[in-house]
Amino acid sequence: MSNDRYVSPLCERYASSEMQYIFSPDMKFKTWRRLWIALAETEKELNLTDENGNPRITDAQIDELKSHIDDINYDVAKAREKEVRHDVMSHVYAYGQQCPNAAGIIHLGATSCYVGDNTDVIIMTEAMKLVRNKLINVINALSEFAIKYKDLPTLAFTHFQPAQPTTVGKRATLWIEELLLDLSDLDYMISQQKLLGSKGTTGTQASFLELFNGDHETVAKIDGKIAEKMGFKECYPVSGQTYSRKVDTRVLNVLSGIAQSAHKFSNDIRLLQHLKEVEEPFEKNQIGSSAMAYKRNPMRSERIASLANYVIVDSLNPAITAATQWFERTLDDSANKRISVPEAFLAIDGILDLYLNVASGLVVYDKVIYKHFMTEIPFMATENIMMDAVKAGGNRQELHEKIRQYSMEAGLEVKQKGNDNNLVDLIANDPMFNMTKEEIVAKLEPINYVGRAPKQTEEFINGVVKPILDANKDILGITATINV
């Protein structure tokens, strides 16, 4: 690797080799060649003839093209592009140099977008499938975590203020639910992917109508045959020179949704790590801070948030591009598209690897969680205490006022003096409540205050998540590699 030029951190630090290959020159140009072969096969199957009525394309020519799908002569293509300033025609030329007998039929009737746009759809589809595999594995890791800790009470927070308790496992179901929404969007977009087909310079297929001597019925079959050969159900029925750039917008909106969910998860983990209740994995030799050796910074969660911000903002690129296209096409999409789409996928790939790594290795400190719980639970238990005192003959209004006063006093004890919460002692020492300290403490058992959280967790994981995981069991077991 050269050290005197810019190298994208997305490749060097974050994205997996699998995702990098999907957006590599090899994947791109091998797909171009597959598309040229599909076009030639289609034209042959539809009996394309020359001016003398002889077959225009032969099996020998197609076999020659197939024999050079993978051994791309990049040096020839690059040298040619310097001369002609056109990437597609440079690769047509390079392919023709390897296949001299078939050179005249390569790209026959097509325009550049035939290989460019169809390849983009194919690549985005493959990339979405990889994203899906990783997303399923993150959901699986969180599901295991949720079930393991479904019964562990913890303070819930609204406005980051202690609120009615939940369980650690129930909280994890909230992360999963957002990912299931993303999975639904992702599956929909994968199912909706269509090829551009081969429609010519403005989408009218005029060049093919000329090749097939005005035979509309035959020309109408071209797109379907190409789609089938490339593993797709269909092509877009109408287009300009390109497929609508709203396709890119829709795809990146799904990636943005995943980034949003991952960012929310990373926020929660960082806050929990500050509370010392739950931590992301921390390796034996990992350095948390260059200055403060004792620190265990949540750097993986922070990186998730950082990359998520990038994806969310990057998703605006295809939206702006789609909005500013003119008529049947303009080329102001090209440079932006080459950058924004691959980088969104590379970044989301890095996010999901980090997410899987963190979710698979979360460390829970149950004693810290219990300590925090018991600091706040006396306040939350006051209604139950008051009701029991009423049952014993107390006056509800008088008891309510007493609890209000004692709660204020206990709050000052904690906040102003830094002492422990003494609300239980204050109530136990008041004969109006007619309850011993032991009786009150018995009412503070954390599990009594979590409502249906354990059952909700079980019902959600077993009833909603498990069927999805069972249907995708063949792709479970992915492990994430974190480069730095």
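Just a yes or no: is a residue in the range 461-483 closer than 26 Å to GLU398 by Cα and not hydrophobic (A, V, I, L, M, F, W, C)?
Taking the range 461-483 first, the residues closer than 26 Å to GLU398 by Cα are none.
No, the conditions are met nowhere in the range 461-483.
Any idea which residue in the range 1-56 is surrounded by the most Cβ atoms within 10 Å (Cβ to Cβ), counting only those that are among the acidic types (Asp, Glu) and not in a loop (DSSP other than H, G, I, E, B)?
Here is the first cut: in the range 1-56, the ones among the acidic types (Asp, Glu) are 4, 12, 18, 26, 41, 43, 45, 50-51.
If we keep only those that are not in a loop (DSSP other than H, G, I, E, B) too, we end up with 12, 18, 26, 41, 43, 45.
Numbers: GLU12: 11, GLU18: 13, ASP26: 12, GLU41: 18, GLU43: 25, GLU45: 13.
In this case the residue turns out to be GLU43.
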ALA163 vs. criteria buried (at least 23 other Cβ atoms within 10 Å of the Cβ) and not β-branched (Val, Ile, Thr): no
From the options LEU356, LEU307, LEU346, LEU352, residue that is crowded, with 20+ Cβ neighbours inside 10 Å and in contact with a Lys or Arg (Cβ under 6 Å, 6 or more places away or on another chain): LEU352
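Of the residues that sit in the range 359-373 and are part of a helix (DSSP H, G or I) and of a type outside the set (Gly, Ala, Ser), which one is surrounded by the fewest Cβ atoms within 10 Å (Cβ to Cβ)?
If we filter the range 359-373 for residues that are part of a helix (DSSP H, G or I), which is where we start, we get 359-360, 366-373.
From what's left, of a type outside the set (Gly, Ala, Ser): 366-373.
Numbers: ASP366: 15, LYS367: 9, VAL368: 15, ILE369: 23, TYR370: 16, LYS371: 12, HIS372: 17, PHE373: 21.
Restricting to residues being part of a helix (DSSP H, G or I) and of a type outside the set (Gly, Ala, Ser), the top hit is LYS367.
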Residue within the range 159-168 that is more than 16 Å from THR42 (Cα to Cα), outside any helix (DSSP H, G or I), modelled with pLDDT under 95 and polar (S, T, N, Q) present: yes
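Name every residue in the range 428-447 that is surrounded by 12 or more Cβ atoms within 10 Å (Cβ to Cβ) and closer than 16 Å to MET374 by Cα, in order of residue number.
Within the range 428-447, LYS437, GLU439, ILE440, VAL441, LYS443, LEU444, PRO446, ILE447 qualify.
Among the residues of the range 102-153, how many are farther than 26 Å from ASP223 by Cα and part of a helix (DSSP H, G or I)?
Going through the range 102-153, the residues farther than 26 Å from ASP223 by Cα turn out to be 130-153.
Narrowing the set further to residues that are part of a helix (DSSP H, G or I) leaves 130-148.
The number of residues fulfilling the criteria is 19.
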Residue in the range 62-69 that is among the basic types (Lys, Arg) and either out of contact with any Ser or Thr (no Cβ under 8 Å at 6 or more places or on another chain) or buried (at least 19 other Cβ atoms within 10 Å of the Cβ) (or both) present: yes
Hits in the range 411-465 - residues which are within 21 Å of GLN161 (Cα to Cα) and of a type in the set (Ser, Thr, Tyr): TYR449
Per-region count, the range 310-328, residues more than 30 Å from VAL278 (Cα to Cα) and either crowded, with 20+ Cβ neighbours inside 10 Å or in contact with a Pro (Cβ under 6 Å, 6 or more places away or on another chain) (or both): 5
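Take the range 414-444 and flag every residue that is within 16 Å of ALA381 (Cβ to Cβ) and part of a loop (DSSP other than H, G, I, E, B). Let's see the steps before the verdict.
The initial filter retains those residues of the range 414-444 that are within 16 Å of ALA381 (Cβ to Cβ), namely 414, 420-428, 430, 433, 435-444.
ASP420, ASN421, ASN422, ASP430, PHE433, MET435, THR436, LYS443, LEU444, listed by residue number.
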Every residue from the range 395-405 that is within 13 Å of PRO431 (Cα to Cα) and out of contact with any Asp or Glu (no Cβ under 9 Å at 6 or more places or on another chain): ASN395, GLU398, LEU399
Cross-chain or 6+ apart pairs with Cβ under 6 Å, the range 382-400 first and without any contact (Cβ under 8 Å) to a residue 12 or more places away in the chain, then surrounded by 18 or more Cβ atoms within 10 Å (Cβ to Cβ) and not in a helix (DSSP H, G or I): none
Of the criteria (1) within 14 Å of PRO378 (Cα to Cα); (2) out of contact with any Pro (no Cβ under 9 Å at 6 or more places or on another chain), which one TYR449 fails: (2)
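Quickly run through the range 374-413 and pick out the residues that are outside any helix (DSSP H, G or I) and touching a helix residue (DSSP H, G or I) at 6+ places or on another chain (Cβ under 6 Å). Steps first, answer last, please.
Going through the range 374-413, the residues outside any helix (DSSP H, G or I) turn out to be 381, 392-395.
Selection gives nothing.
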Index of the failed condition, THR457 passing every other in (1) part of a loop (DSSP other than H, G, I, E, B); (2) among the polar types (S, T, N, Q); (3) touching a helix residue (DSSP H, G or I) at 6+ places or on another chain (Cβ under 6 Å): (1)
Candidates LEU135, LEU152, filtered to the one that is in contact (Cβ under 8 Å) with a residue 12 or more places away in the chain and farther than 18 Å from VAL278 by Cβ: LEU135
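Output the number of residues of the range 67-101 satisfying the condition of being in a helix (DSSP H, G or I) and either within 17 Å of ILE57 (Cβ to Cβ) or not basic (Lys, Arg) (or both). Full working, then the answer.
Taking the range 67-101 first, the residues in a helix (DSSP H, G or I) are 74-84, 87-98.
Subsequent filtering for residues that are either within 17 Å of ILE57 (Cβ to Cβ) or not basic (Lys, Arg) (or both) retains 74-77, 79, 81, 83-84, 87-98.
Matching residues across the range 67-101 total 20.
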Selected residue (only one of MET128, MET89 is over 30 Å from LEU255 (Cα atoms) and either surrounded by 13 or more Cβ atoms within 10 Å (Cβ to Cβ) or in contact with a His (Cβ under 8 Å, 6 or more places away or on another chain) (or both)): MET89
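The values are calculated or read from the model by the stated rules, or taken from the named source; none is laboratory data. Predicted, not measured: the structure shown is a model, and the values here were computed from it. Positions of Cβ are backbone-derived with ideal geometry, glycine not excepted, and every protein chain shown enters the neighbour counts.
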